[in-house]
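The values are calculated or read from the model by the stated rules, or taken from the named source; none is laboratory data. Predicted, not measured: the structure shown is a model, and the values here were computed from it. All Cβ positions, even for glycine, are placed from backbone atoms using ideal geometry, and neighbour counts span all protein chains on display. The area values use the complete protein model at the heavy-atom level, side chains included, leaving out ligands, DNA and RNA. Shrake-Rupley method; radii C 1.70, N 1.55, O 1.52, S 1.80 Å.
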Amino acid sequence: MEEKYVIGVDFGSDSVRATVVSTVSGREAGSGTAFYPRWKKGLYQHPGQCIFRQHPLDYLEAFESCVKGAVSGLSKEQRDNIVGIGVDTTGSTPASVNREGVPLALTEEFAEDENAMFYLWKDHSAAEEAEEVDRAFTQGSEIDYSKYQGKYCAEWFWAKILHTVRTDEKIKKAAYTWLEHCDWMVGVLCGNTRPEEIYHSACAAGHKALWHSEWNGLPSAEILGSLDPYLVRVRERYGQAPKPAPIKAGQLTWQWAERLGLPETVSVSGSSFDAHAGAVGAGIREKTVVCTLGTSAVDMLVEKADFLKGKDIRRFGGQAENSILPDLVGIETGQAAFGDIFGWFKRVMMWPISQAKDYLGEAVYEKLHRSMEETMLVRLQEAAAGLPSETFPMALDWFNGRRYPDTDDACSAIISDLTLGTQAPELFQGLVFGAVSGLKRIIDGFEEAGLEIDKVTAVGGISKKSSYVMQMMADLLGKKIEILDADQTCALGAAIYGAVAGGVYENVQTASAKMAAKCIGEFVPDKNRSEVYRQHYEKYICLTKLADMI
């Protein structure tokens, strides 16, 4: 087979990563990373109000920068042999757009209006609207729209739109409709963002907008209209039915080809959310859970629709048709905070150091601060690993609300069993156990519902950086955890989609056999610790019940 190349681009919460991959060997030929310049400055984010917005220029500028970086070391022959490009993004991350599909923040009138920007997935400002949407979808209709997704979440499409049009009349009047980031990027690259004609991701449509074949599309106009007539307009202007990510959505425009230094013959695939692409990059198949461990945790499974019939798993995860692999049902679950929990604790631990500037002088302070910033979590893990496993504080993982089971955006974390003798490493031990316990609770729920899970694969930064977290996960789950060789499985999955769209492979499964990440290590449960952790896990479950009563 002639060696062709594809580009996978992964839009994360803080940055964009691009990888150039050989379709023959799966070898990475180039890579690039670019941070969102405005986001990096702390703009458009208000954690205390659960508001996280991103400017579309951040996406466009960072995309161009990271792709140029990824192809900069390629020869002319390699560049000429690039045949496809695929993208994934966070989600649900929608924005209001005009009639041409241009985000309102790219117009002069709304250039610095946060409500005209993309609402990042973790924006929970629509918590009240999510509750109202959930009531309408479950109690106000003959169809139970929660059947495949469970409780409607503030992170999702309809809740964010409803919140905005209720609180900002100017945006409501100017917005022709709304588009997901993953759909908009495909439209941008193909040169057509018109809402009636743009590609729609099966992943975004199914998991967040609740598109399903059982009710022939989006929720009914009647039920959306009961919430706000504006939502009916969004429904009417939705355009094409959603399609799987591996389809060819179009060709790269000559303008983008010129800007990126790529051939105009490059095919653009459909899109997906980041963790879904990551599951493909990890070579997902039936009876396998792929855990993407980053700031949050997103866990993916695929199953045949017939196998899922009669199994109610809505408490523990959401289902969508064609969302990961065509012709299978993608199951998405996870935790709203995972790595973010450890990041929070590091910030708490860093506070005294941040106050030392006046005492140490700027040069000494900067050196100390940088050193502690880089090593804090490493030292905590080393210290925690040497602690006994019989006793430690217990923590719930609900630092950013609870995604699953039983979605609740308003709930918060609890830390118990603290004493005057509790030290930082012991507290860190409890935080890690709480994060891992949240995953166990989800997997137990799936297995009790009849899903078979033979294998757990972990991807994302934590899986390769923290043997402490991964060993605890294996011990508590009582399952072997595989670690893969790819640093950017989400971008790799997007590249695999691009390889199918570019005509190199007939389907994702065939492409994955050549291109997906390979296992480089595993964590095996320690039987003694597993037994001790099972006893601690019972305390975790008791704490969840107590928290739900408060």
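Worth a mention:
- Odd one out for GLY310 among (1) open to solvent by 40 Å² or more (accessible area, probe 1.4 Å); (2) more than 30 Å from HIS212 (Cβ to Cβ): (2)
- Filtered residues of segment 486-504 (kept if surrounded by fewer than 22 Cβ atoms within 10 Å (Cβ to Cβ) and over 20 Å from the mean Cα position of the chain (by Cα)): GLY503
- Residues of segment 387-446 that turn out to be hydrophobic (A, V, I, L, M, F, W, C) and part of a helix (DSSP H, G or I), as a count: 12
- Scoring GLU142 on the criteria (1) more than 27 Å from PRO246 (Cα to Cα); (2) crowded, with 21+ Cβ neighbours inside 10 Å leaves a single failure, condition (2).
- ALA257 falls short of the stated requirement of being surrounded by 15 or more Cβ atoms within 10 Å (Cβ to Cβ) and within 27 Å of the chain's Cα centre (by Cα).
- Flag if LYS147 is touching a residue at least 60 places away in the same chain (Cβ under 8 Å) and either of a type in the set (Lys, Arg) or surrounded by fewer than 21 Cβ atoms within 10 Å (Cβ to Cβ) (or both): yes
- Restricting segment 519-538 to residues that are charged (D, E, K, R) and open to solvent by 90 Å² or more (accessible area, probe 1.4 Å), the residue that is nearest to the chain's Cα centre (by Cα): GLU522
- The condition of being touching a strand residue (DSSP E or B) at 6+ places or on another chain (Cβ under 8 Å) and outside any loop (DSSP other than H, G, I, E, B) holds for only one of ALA130, ALA70, that being ALA70.
- Residue pairs whose Cβ atoms lie under 8 Å apart, separated by 6 or more positions or on different chains, with the first residue in segment 361-385 and touching a residue at least 24 places away in the same chain (Cβ under 8 Å) and the second open to solvent by 50 Å² or more (accessible area, probe 1.4 Å) and part of a helix (DSSP H, G or I), are MET376/MET349; LEU380/MET349; ALA384/GLU426.
- Residue match in segment 196-203 (condition: part of a loop (DSSP other than H, G, I, E, B), surrounded by fewer than 19 Cβ atoms within 10 Å (Cβ to Cβ) and touching a Gly at 6+ places or on another chain (Cβ under 7 Å)): yes
- Whenever a residue of segment 303-314 is within 20 Å of PRO405 (Cα to Cα) and of a type outside the set (Gly, Ala, Ser), its partners that are open to solvent by 60 Å² or more (accessible area, probe 1.4 Å) and assigned to a loop (DSSP other than H, G, I, E, B), lying with C-beta atoms within less than 7 angstrom and at least six residues away or across chains, give the pairs GLU303/GLU286; ARG314/LYS147.
- Test set (1) assigned to a helix (DSSP H, G or I); (2) in contact (Cβ under 8 Å) with a residue 40 or more places away in the chain; (3) out of contact with any Ser or Thr (no Cβ under 9 Å at 6 or more places or on another chain) - GLY450 fails condition number: (1)
- Pairs where the first residue, in segment 38-60, is at negative phi and the second is of a type in the set (Phe, Trp, Tyr), C-beta under 6 Å, 6+ apart: GLN45/PHE52; ARG53/TYR44; GLN54/TRP39; GLN54/PHE118; ASP58/TYR36; ASP58/TRP39
- Where a residue in segment 234-246 is more than 17 Å from ALA499 (Cβ to Cβ) and its partner, wherever it lies, is among the aromatic types (Phe, Trp, Tyr) and open to solvent by 50 Å² or more (accessible area, probe 1.4 Å), with Cβ under 7 Å and at least six apart: PRO242/TRP211
- The requirement of being over 28 Å from LEU218 (Cα atoms), in a loop (DSSP other than H, G, I, E, B) and under 19 Å from the mean Cα position of the chain (by Cα) is satisfied by THR295.
- Failed item in (1) within 28 Å of ALA275 (Cα to Cα); (2) surrounded by 12 or more Cβ atoms within 10 Å (Cβ to Cβ), with ALA385 passing the rest: (1)
- Hey, ARG259 over 18 Å from TYR5 (Cα atoms), assigned to a helix (DSSP H, G or I) and without any contact (Cβ under 8 Å) to a residue 60 or more places away in the chain or not: no
- Set SER463, SER467: member being touching a residue at least 24 places away in the same chain (Cβ under 8 Å), open to solvent by 30 Å² or more (accessible area, probe 1.4 Å) and within 30 Å of GLU286 (Cβ to Cβ): SER467
- Contact map, segment 26-37: residues that are open to solvent by 70 Å² or more (accessible area, probe 1.4 Å) paired with residues that are outside any strand (DSSP E or B), Cβ distance under 8 Å, separation 6+ or inter-chain. Pairs shown: THR33/CYS66; THR33/GLY69; PHE35/ASP14; PHE35/ALA62.
- Exactly one residue among LYS304, LYS243 is open to solvent by 40 Å² or more (accessible area, probe 1.4 Å) and out of contact with any helix residue (DSSP H, G or I) (no Cβ under 8 Å at 6 or more places or on another chain), and that residue is LYS304.
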